[in-house]
Each structure stands twice: as C-alpha cells, then as structure tokens.
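Here is the structure we will look at, set down as structure tokens.
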Amino acid sequence: MGLLNENGRRALIARICNSESLSEAYQTYSMYSEELRDCKFVFAANQGAEPGYAINRQFSAGAAVRSLFHKDKVLVLDAKTFRDMNGGKATYQIDYSISLDTQALSYLEPYISGNLSNRLPKDMKEVFDFIAQDDVRVDPVPYILENLRNIGDKTAAAKVFEKLKAYETLRTLDQAWLKNNGQARSLLTEIELIKRAQEHMAGMYRDCENSAIMKTLRFRHQYMYCSLLKMACIQLSCPATQIDNKMMAYFDFCDATLATMSLREAAIARKFFEKGSALKFFGKIQKNNEEIFQALDGMAWDLWHVRQLEESMTFRLDKGARYFFPALLTFDKRLIEVMDLFPLKSCAFVDGDSEVIPVYDGDWYELVAQEDAGQAIFTGKFYSKQAVQSRDLRRVAAKEKINDTVDALERELSEVSTVPVPPQKFWT
C-alpha cells in the first residue's frame, strides 16, 4: 500500500473506528498497518481486558463511576499489539484513574472529618469504602480545574485548601485504623498533610499565572457554555417547533459561529429538545429562573470534564503503561443521565497527539434528523468537502472571538428567559 496523505489517513482511522465488527477493524488495520504504526485504537467489547477500576459502577443511592465506554471490557489495536497478536498472544500494561468531580470531593471533606450530617448522600460510606481501597486510584483534576479561576479570592482559596487536604488524607489512608475503628485518618502527620495540600495550592497558583494554560481552560469552558446557551435559546424561544428544525438551528450555529461540529453535544441537544426541562440535566433551564446563567455555567464545567476524560485517553501517567483509561466518580444523577446518553463505541489517537477521534455508540444519523431526506440535507450542508474546509479555515477566528459570542448569546437568552445577565462575569 502506498503512503496516505493526512486526510486519507484520518478517513482510514474513522473507517476502522466505525467498523461493524472487531474482525473487520482488525482486517482493515492489517492492510494499512505501516501507515498506522503510530495510531492506537480502543474498542468497547464483550470480551477483552478490564481497564482496572475505571469501569461503570453504580452505588445504592445513585452515585456512580462512569467510564467513556458502554461496556466494561476493551480491546486495543496498535503496532505492538498487532505484532503480538500475530505471534499468538498480546499482553500490555495499562494505567487508570477515577476523577472525583467537584461534588464528590466536596462530600469527601466532611466525611473524613467525621461530620456525618444528613446533607451527605446515603451511599457516601459505600463510595468511600470503594475509593479507600489501596488499589483504587483517584484524582482531583476536575475540582482543581474548576477552581483555578476562583483561588484569587481568599475565602474560596481556604475552602479549596481544605478539600485538597481531605484528598491527601484519602491518598495516605491508615487502612488498619479504618478497619478497626471505622474512622478515616492519614498515616501522615498534620504538618505533612498541610505541606502536601500547600503543594497542590502552589501548583494551582502557578497555573493561574500561566496565561497559556488559563486561556486554554477559559476557551474550553466557554465553548461548552456557548453550546448550552444556544440550546437554551432555541428551546425556550420555540419549544413547540419540530425537533429536526431545532437541531438544524443548533447545527447552523455550530457551523457558522463555532466552526466546529460536536456529536456529544448534539446528542445532548436532541434529548433536551425532545424532553425540555424534564431532562434532569436541564431542570433549571426555564424562563424566569434567576439562576439560569449560573446553572449553565456549572453545566458547562460538567460537560467539559467529560470531554477532558476523552482527551486524557492520550495520557501516560505510568511510564510503563501502553494505555490510560479514565473514569469519573460523581453523585450528580443529572450528569450520570447525560453521560449515559452517548457512550463511546471506540476511539483512536496518535501517539504524542492529544486529539482523540471518538465514535459514539448509537445511530449517528438519528441525532441529525428522523427522516432520510433530512439526513441527506444535513450531510450535504454540513459535511460536504467545501463545508469541512470552510470550518477549518474559520476555526481560529471563531476561537479568538469566543468572548463576543458569549456576550451575544447571554443577551439573547436574557431576552428569551426574561432574566438579566449577571453583572459579575464568570471569567474576569
């Protein structure tokens, strides 16, 4: 086979990810193995490897661990695995981590301190017993990212410090004491715990002073915020409009204003347009709700954390690991509902590149329109060669004017919802 150009290679990667079966994916890969030697593929499977504790898990009162995939086993395909499979058996090392979202980390602090009030979820002990196990790895990344913009405020910074101190207690748990006394305490001294929490805080302050990091974080959050603002504008302004027409309006916005088409957000938009605020994730997105903008800001973080999980598939936290599998622990039933809408069937990425090519489990065309004619119109309008090239050319400019897009959408939603835009911006 001759070498493929970049567009041809991306099309081939997408073809493998969209294969009807694992055997079909393997056969296609084998034909182009040289051209794909730096690519890695992960497929949800009924049989295969289990990615540590980064699998779907449900607790008794609604808390859950959610991975990116709809199944608890995966099969992988890459140059080394391909050679090993041809030799008879493939083995590979993995790494994983379960991210604690903001709500989960917030519950962790009072639980560890022994403040077992009625405000804690009924399955908090069950969750804690799970994450307290020596071989369960958890991280506070969502909480840290979400609070970078807040720690300039001394009161907020003090709260963040206490949460990170609780996280360090979890990381250094005295297992014998927990087993014998049912209480959580660290193997470290109070001074050592404070030092570790201070190190986390120092890292956060360094990130705050890094303009490139903060610009990227701000854009990623605002991208999700814009997507949600537009969904809200469409739904609240014309709730009785035919759903396919709402979807076309949303896709028009993604194409013309954001210069990016995103299927996960499209899946969420369709469910919202179908169910309105009955979809629990959008429960507060109603006219005259004074908290509508604050709610959308928080929802944007939720969706970005899910996207962050996808990107973290490219991470290698353990130098010996060939694959990293992330998951999210949350008590938020609304977020769990949204994550369950569209799990991954497969994904691919190139070694050394943070971009992930995700393929979702479900009928992609049904997101677009229910009728064949509508699907054809959509494909011709948004996925012609010219449309794709146009978005590629406009994407940098769309990114640079994201602040203006936020302002315009907030004004539009304010008119539709009859709620004034908050005078204090979420990002300053």
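Between SER414 and GLU50, the contour length at 0.36 nm per residue exceeds the alpha carbon distance by 126.3 nm.
Extension gain, GLN183-ASN210: 0.36 nm per intervening residue step, less the Cα-Cα distance, totals 5.8 nm.
Structure note, pairs LYS122/LYS230; LYS71/LYS425; LYS40/LYS230; LYS159/LYS280; LYS280/LYS381; LYS165/LYS215: Cα-Cα distances above 30 angstrom occur for LYS122/LYS230; LYS71/LYS425; LYS40/LYS230; LYS280/LYS381. Find which of LEU187, ALA158, ALA202 sits farthest along the positive direction of the dipole of segment 128-212, computed with +1 on the beta-carbon of Lys and Arg, -1 on that of Asp and Glu, about the Cα centre. Result: ALA158.
The value of relative contact order for segment 271-339, using C-alpha pairs under 8 Å at least six residues apart, is 25 percent.
Neighbours of VAL76, meaning other residues whose beta-carbon lies under 15 angstrom from its beta-carbon, give a summed charge of +3 when Lys and Arg score +1 and Asp and Glu score -1. For segment 100-211, the Cβ-based charge dipole about the Cα centre amounts to some 260 debye (Lys, Arg positive; Asp, Glu negative; other atoms uncharged).
Dipole magnitude for the chain: computed about the Cα centre from +1 point charges on Lys and Arg Cβ and -1 point charges on Asp and Glu Cβ, it is near 280 debye.
Just check segment 255-405 against the gyration tensor rule for me: Cα atoms, a ≥ b ≥ c as the square roots of the eigenvalues, rounded for a/c under 1.5, and otherwise prolate or oblate depending on whether a/b exceeds b/c. The shape class here is rounded. Convex hull of alpha carbon positions in the chain: directionally averaged projected area 23.0 nm². Modelled spin-label separation between ALA240 and LYS159, with each label point placed 7 Å from Cα along the Cα-to-Cβ direction: 4.2 nm. The separation of segment 216-265 from segment 367-428, counted between C-alpha centres, amounts to 5 Å. The order of the peptides 345-351, 130-136, 152-158 by mean Cβ neighbours within 10 Å, most packed first, is 345-351, 130-136, 152-158. Taking every Cα-Cα distance in segment 100-211 and sorting them into 5 Å bins from zero, the calculated P(r) comes out as 2, 11, 22, 24, 20, 12, 6, 2, 1, 0 percent. With a Förster radius of 25 Å applied to the C-beta separation of TYR92 and ASP135, the computed FRET efficiency comes to 0.85. Using a Förster distance of 25 angstrom, determine the FRET efficiency expected from the C-beta separation of SER106 and GLU355, and round it to 0.05. Taking R0 as 25 Å, the efficiency between SER106 and GLU355 is 0.20. Farthest toward the positive end of the dipole of the chain, out of LEU229, MET261, PRO121, is the Cα of PRO121, where the dipole comes from beta carbon charges about the Cα centre.
Around THR102, under 14 Å between beta carbons, what's the net of Lys plus Arg minus Asp minus Glu among the other residues? Before the final figure, lay out each step's value.
On the way: positive: ARG149, LYS159, LYS163, ARG334; negative: ASP101, GLU109, ASP139, GLU146, GLU162, ASP297, ASP302, ASP332.
Here the count lands on -4.
Expressed in nm to one decimal, what extension gain is obtained for the pair LYS125 and LYS333 from 0.36 nm per residue of sequence separation less their Cα-Cα distance?
Stretched fully, the LYS125-LYS333 segment lengthens by 73.1 nm.
Every read-out reported here was derived from the displayed coordinates using simple, explicitly stated rules and does not represent laboratory data. Because the structure is a prediction, the values reported are computed rather than measured. So basically every Cβ, Gly included, is an ideal-geometry build from the backbone, and we count neighbours across all protein chains shown.
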